[in-house]
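Undergrad: Quick one: the structure is below, questions incoming.
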Amino acid sequence: MRTFNIHEAKTHLSRLVDEAEQGESFIIAKAGKPKVQVIRLKAPAVQPKRRLGILKGTVVLPDNYWEIDKELDEEVERLFLGEEKE
């Protein structure tokens with residue numbers, strides 16, 4: 001593994017980072033003593049883009065959806081409260 005002193009690493013940092021990205025890690029030394037090792041990071045997993053509206057037109061709600069929803073809410077409330085059905 002190659003070793004560079006701080007001054008040399010600062011001078012050629014862009015090139016050294018590009019090489020480290022390709023898998024060629026290196027050591028930065030100060031006064032001849034190794035201080036840090038520079039290595040490539042693992043690339044984060046690429047998240048697929050979220051597409052809004054992908055299901056548009058595939059789900060159809062009935063015209064009386066709000067009435068059905070209200071009836072269902074009332075039934076669920078009755079069940080939670082333990083009331084008998086009228």
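Read-outs: derived from the displayed coordinates by stated rules, not from any lab. A quick note: this is a predicted structure, and the numbers were derived from the prediction, not measured. Cβ placement follows ideal geometry from the backbone for every residue including glycine, while neighbour counts extend to all protein chains displayed.
Undergrad: Just to be sure I follow the rule: in the chain, considering lysines 8 or more places apart or on different chains, how many pairs have Cα atoms under 19 Å apart?
TA: 4
Undergrad: When DSSP beta bridges are limited to those with both residues in the chain, what percentage is antiparallel, rounded to the nearest 5?
TA: Percent antiparallel among DSSP bridges in the chain is about 55.
Undergrad: Whats the longest run of the chain with zero trypsin sites (Lys or Arg not before Pro) that are DSSP loop and have at most 16 other Cβ atoms within 10 Å?
TA: Between exposed loop sites, the widest span is 1-39.
Undergrad: Which option, (i) 14.0; (ii) 7.6; (iii) 5.6, is the value of mean projected area of the Cα convex hull in nm² that was calculated from these coordinates?
TA: (i)
Undergrad: Moving on. Could you pull out every residue, at least 5 positions away or on a different chain, whose amide H is within less than 5 Å of the one on Asn5? Hs are placed 1.01 Å off N in the peptide plane, and Pro or chain starts have none.
TA: HN-HN under 5 Å from Asn5: Ala29.
Undergrad: Explain nothing, just compute: Karplus ³J(HN,Hα) = 6.51 cos²θ - 1.76 cosθ + 1.60, θ = phi - 60°, for every residue of region 55-65 in order, whole Hz, x for Gly and Pro.
TA: 9, 4, x, 9, 10, 10, 9, x, 4, 9, 4
Undergrad: Here's a follow-up. Which ³J(HN,Hα) values in Hz, rounded to whole numbers, follow from the phi angles of region 5-16 under the Karplus curve 6.51 cos²θ - 1.76 cosθ + 1.60, where θ = phi - 60° and Gly and Pro get x?
TA: 7, 4, 4, 5, 5, 5, 5, 10, 4, 4, 5, 5
Undergrad: Still on this structure, I have one more. From the helices alone, meaning DSSP H stretches of at least four residues, give me the mean residue ellipticity at 222 nm for the chain, per-run term -39500 (n - 2.57), in deg cm²/dmol to the nearest 500.
TA: -11000 deg cm²/dmol
Undergrad: Placing unit charges on C-beta atoms (Lys and Arg positive, Asp and Glu negative, everything else neutral), compute the dipole magnitude of the chain about its Cα centre in debye, rounded to 20.
TA: 1780 debye
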